[in-house]
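The values are calculated or read from the model by the stated rules, or taken from the named source; none is laboratory data. Everything numeric in this text was worked out from a predicted model, so none of it was measured. Heads up, the Cβs are rebuilt from the backbone with ideal geometry, glycines too, and the neighbour counts pull from every protein chain shown.
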Amino acid sequence: MANSPRHLGKARITVPLIHPSLFGGFDMQYEGSRSSLSGARIPPFAVANATLSGHALRNRLEISGSIYNLANTAFFDVGPRKTYRTRCAMTGVRSD
């Protein structure tokens with residue numbers, strides 16, 4: 001596919017902290033390099049996230065909270081050219 005990274009991955013681990021009602025989770029997402037709309041190379045990046053989740057009210061309610069991008073990693077993402085042109089047309093911005 002055009003403008004798709006060659007490598008893309010996601011891994012997640014969840015462990016019980018206070019069994020069986022409180023869990024901690026950690027996930028890592030990786031996206032390989034690809035090209036921007038102007039042809040410039042966008043570098044690969046990895047993002048780490050953490051989640052704490054638990055059950056309350058005799059398992060009738062699940063509560064969770066997440067912290068995204070733990071390392072405050074700067075990364076860039078682009079959409080396909082067709083989407084970019086459509087958005088430009090909708091906002092009146094020229095893509096030339």
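Restricting segment 1-27 to residues that are among the polar types (S, T, N, Q) and farther than 17 Å from Leu70 by Cβ, the residue that is modelled with the highest pLDDT is Ser21. When restricted to residues that are surrounded by 10 or more Cβ atoms within 10 Å (Cβ to Cβ) and either among the small types (Gly, Ala, Ser) or over 21 Å from the mean Cα position of the chain (by Cα) (or both), segment 64-78 contains 2.
The rows are residues; the columns are (1) among the aromatic types (Phe, Trp, Tyr); (2) more than 27 Å from Glu62 (Cβ to Cβ); (3) surrounded by 14 or more Cβ atoms within 10 Å (Cβ to Cβ); (4) in contact with a Phe, Trp or Tyr (Cβ under 8 Å, 6 or more places away or on another chain).
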residue	(1), (2), (3), (4)
Arg12	no, no, no, yes
Leu17	no, no, no, yes
Met28	no, no, yes, no
Val47	no, no, yes, yes
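Screening segment 56-78 for residues that are among the polar types (S, T, N, Q) and assigned to a strand (DSSP E or B) and picking the one that is farthest from Ser35 (Cα to Cα) gives Ser64.
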